[in-house]
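Engineer: This is the structure I want to talk about, given as structure tokens.
The values are calculated or read from the model by the stated rules, or taken from the named source; none is laboratory data. These figures come from a predicted structure and were not determined experimentally. Don't worry about glycine lacking a Cβ; one is built from the backbone with ideal geometry, like all the others, and counts go over all protein chains shown.
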Amino acid sequence: MSTDEKALRDWTGEEREELLELGHALFACPELGFQEKGSAAILTDFLKKHGISFEEGLSVTGIKASIGNKEGYHIALVADMDALEVRNGDKAYPFHSCGHSIQTAVMAYVLKRLKDQGIVEKTGGRVSVIGAPAVESIDFDTRRRLKEEGKIRYFSGKQDMISKGVFDDVDCVISMHINGDSGGPLFDINSTLAGFMVKKVIFHGKASHSGAAPHLGLNALHGASLAMDGIAYLKDQLPPEAGLKLHPVLTSCSGTVNVIPEQAVLETYIRANTLDYLLEAGEKFDRCVLHCGQALGIETEIQNTTGYMPFAQSAEITETVHRQMLRLCREDQIVKNVISGASGDIGDLGYLIPAVQFGFSGAEGQIHSARFSVGDEENAYFRTAQVAEETVAEILSDPKLQVKNPDFRKKKEFYLREWLGEQAGSCG
């Protein structure tokens, strides 16, 4: 009997069929962030069928389903629920091109399996599946409307849930994400994610006739152009390990060929590998654009949108996840310590709570495109479920593995105040 067969022998044919049915149903129901009503209905129907209690309507469409002892060590299996918008020719539509439907199906089924086996009750612990909406930073018009209606406070599902206390009783987080194509390495562990912030800079000049009286105007485009040069030089002020990614784009400019432009708009993401480097880069960027504008007498307005924190994985939980992977594959089938320029709001959770997000292969086509599909269902669904399930079981069975953040409340207060920009006293 192979290593895989030994590790997966406890899965019945009925369980395998039911997990795939759940995964296919969610994949066929792609919805953008904070609009995952169909996905939530599929998930709650599954939970009701198996007698698992849950809260719904968290941050509009989020779900928290729990089993076990409310006083015990609490592991959260966190899954993203939203889809991306892809384009095929002239048609744009929601599509699960990032594989979030797999996360949701697998984590829900792991919770069902843990309930059936009685592991949580035997250990006195607690396990929750938290289906989080809106990790993808898209469709801002909908999110602005929801914020104006008072339904959300932040554009990210996990950020909104954090601010509302959904994770306050969680001790550690286990998550996963599809990262690789079928036929390659099966898993990756201890990968980092970059943090990012969003900057929009509006240069306010003064219009004038560009031929007859250019000296009576203030060319906003000149301010933006000078700032672009300054930003290019700024990139050399942080070391390579900072992972700085800064690529500003001029998104609008007023005026015509015979009118001095009175307004120019520059927009960019700022990405970095650590929170310290990210904050430093943001401060340097602000100084650069402000002083470039001042050098030409042009008013400069900076609008900030909160992004996601960098993600550093819990070393202790990573070790446990690694042990479970080795029950299913060889060491050379696991990729380690990748430094990624991608971002996710799992970084915000990882700042507050010990967390992992292991990667798994199984994709066909291209992630984040209309050509995405799941090619290796054995790895994408069943091996990932086995890793998550056995990781939970080992952690709950061994108190030495039950890591926590003793400074959670202090860190959350800092996070709400300095990162999300909430007023003092708002910590839940």
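Engineer: Can you tell me how many residues in segment 273-309 are of a type in the set (Val, Ile, Thr), part of a loop (DSSP other than H, G, I, E, B) and within 22 Å of residue 340 (Cβ to Cβ)? Quick ask: steps written out before the conclusion?
Structural biologist: If we filter segment 273-309 for residues that are of a type in the set (Val, Ile, Thr), which is where we start, we get 274, 289, 298, 300, 302, 305-306.
Going one step further and asking which of them are part of a loop (DSSP other than H, G, I, E, B), we end up with 274, 298, 306.
Subsequent filtering for residues that are within 22 Å of residue 340 (Cβ to Cβ) retains 274, 306.
Counting residues in segment 273-309 that are of a type in the set (Val, Ile, Thr), part of a loop (DSSP other than H, G, I, E, B) and within 22 Å of residue 340 (Cβ to Cβ) gives 2.
Engineer: So if I check each of 392, 356, which one is over 22 Å from residue 16 (Cβ atoms) and touching a strand residue (DSSP E or B) at 6+ places or on another chain (Cβ under 9 Å)? Break it down into steps so the answer makes sense when it comes.
Structural biologist: Working: 392 fails: over 22 Å from residue 16 (Cβ atoms).
Result of the check over 392, 356: 356.
Engineer: For residue 142, only one of the following conditions fails: (1) part of a helix (DSSP H, G or I); (2) among the β-branched types (Val, Ile, Thr); (3) more than 19 Å from the chain's Cα centre (by Cα); (4) more than 25 Å from residue 362 (Cβ to Cβ). What is its number?
Structural biologist: (3) is the only condition that residue 142 fails.
Engineer: While we're here: Yes or no: segment 374-391 includes at least one residue that is among the basic types (Lys, Arg) and surrounded by 14 or more Cβ atoms within 10 Å (Cβ to Cβ). Steps first, answer last, please.
Structural biologist: Step one: list which residues in segment 374-391 are among the basic types (Lys, Arg), which gives 383.
Applying the additional criterion that residues be surrounded by 14 or more Cβ atoms within 10 Å (Cβ to Cβ) yields 383.
Yes - at least one qualifying residue is present in segment 374-391.
Engineer: Which number in (1) part of a helix (DSSP H, G or I); (2) within 30 Å of residue 150 (Cβ to Cβ) marks the one condition that residue 25 misses?
Structural biologist: Residue 25 satisfies every listed condition except (2).
Engineer: Another one. Name the residues in segment 73-87 that are touching a residue at least 60 places away in the same chain (Cβ under 8 Å) and either of a type outside the set (D, E, K, R) or surrounded by 14 or more Cβ atoms within 10 Å (Cβ to Cβ) (or both), would you? Please lay out each step first, then the result.
Structural biologist: First, the residues of segment 73-87 that are touching a residue at least 60 places away in the same chain (Cβ under 8 Å): 73-82, 84, 86-87.
The answer is 73, 74, 75, 76, 77, 78, 79, 80, 81, 82, 84, 86.
Engineer: Considering 268, 274, 256, 320, which residue is surrounded by 16 or more Cβ atoms within 10 Å (Cβ to Cβ), more than 28 Å from residue 138 (Cβ to Cβ) and of a type in the set (S, T, N, Q)? Don't jump to the end; show me each part of the working.
Structural biologist: Working: 268 fails: more than 28 Å from residue 138 (Cβ to Cβ); 274 fails: more than 28 Å from residue 138 (Cβ to Cβ); 256 fails: surrounded by 16 or more Cβ atoms within 10 Å (Cβ to Cβ).
Answer to the check: 320.
Engineer: Sticking with this one: What is the residue count in segment 378-422 for residues that are over 22 Å from the mean Cα position of the chain (by Cα), outside any helix (DSSP H, G or I) and of a type in the set (D, E, K, R)?
Structural biologist: Number satisfying all stated conditions: 2.
Engineer: I want to confirm something. Restricting to segment 167-207 and keeping residues that are over 29 Å from residue 413 (Cβ atoms) and not assigned by TED's automatic domain parsing to the domain that holds residue 330, which single residue is surrounded by the most Cβ atoms within 10 Å (Cβ to Cβ)?
Structural biologist: 203
Engineer: Taking the condition assigned by TED's automatic domain parsing to the domain that holds residue 39, charged (D, E, K, R) and surrounded by 20 or more Cβ atoms within 10 Å (Cβ to Cβ), does residue 90 pass?
Structural biologist: Values: assigned by TED's automatic domain parsing to the domain that holds residue 39: yes; charged (D, E, K, R): yes; surrounded by 20 or more Cβ atoms within 10 Å (Cβ to Cβ): no.
No: the conditions fail for residue 90.
Engineer: Need pairs with beta-carbon distance below 7 Å; first residue assigned by TED's automatic domain parsing to the domain that holds residue 240 and within segment 278-299, second surrounded by fewer than 15 Cβ atoms within 10 Å (Cβ to Cβ) and part of a helix (DSSP H, G or I); sequence gap 6+ or separate chains.
Structural biologist: Qualifying pairs under 7 Å: 284/237.
Engineer: For segment 106-139, which residues satisfy the criterion of being surrounded by fewer than 24 Cβ atoms within 10 Å (Cβ to Cβ), of a type in the set (Ser, Thr, Tyr) and part of a helix (DSSP H, G or I)?
Structural biologist: Listed by number, the list holds a single entry, 123.
Engineer: Additional query: Show me the strands (runs of 3 or more DSSP E) entirely contained within segment 159-272 in which 2 or more residues are touching a residue at least 12 places away in the same chain (Cβ under 8 Å) and of a type in the set (S, T, N, Q). So that I can check it myself, show each step before the final result.
Structural biologist: Values: elements: 172-181, 187-189, 195-204, 249-253, 263-272.
In segment 159-272, the matching strands (runs of 3 or more DSSP E) lie at 172-181, 249-253, 263-272.
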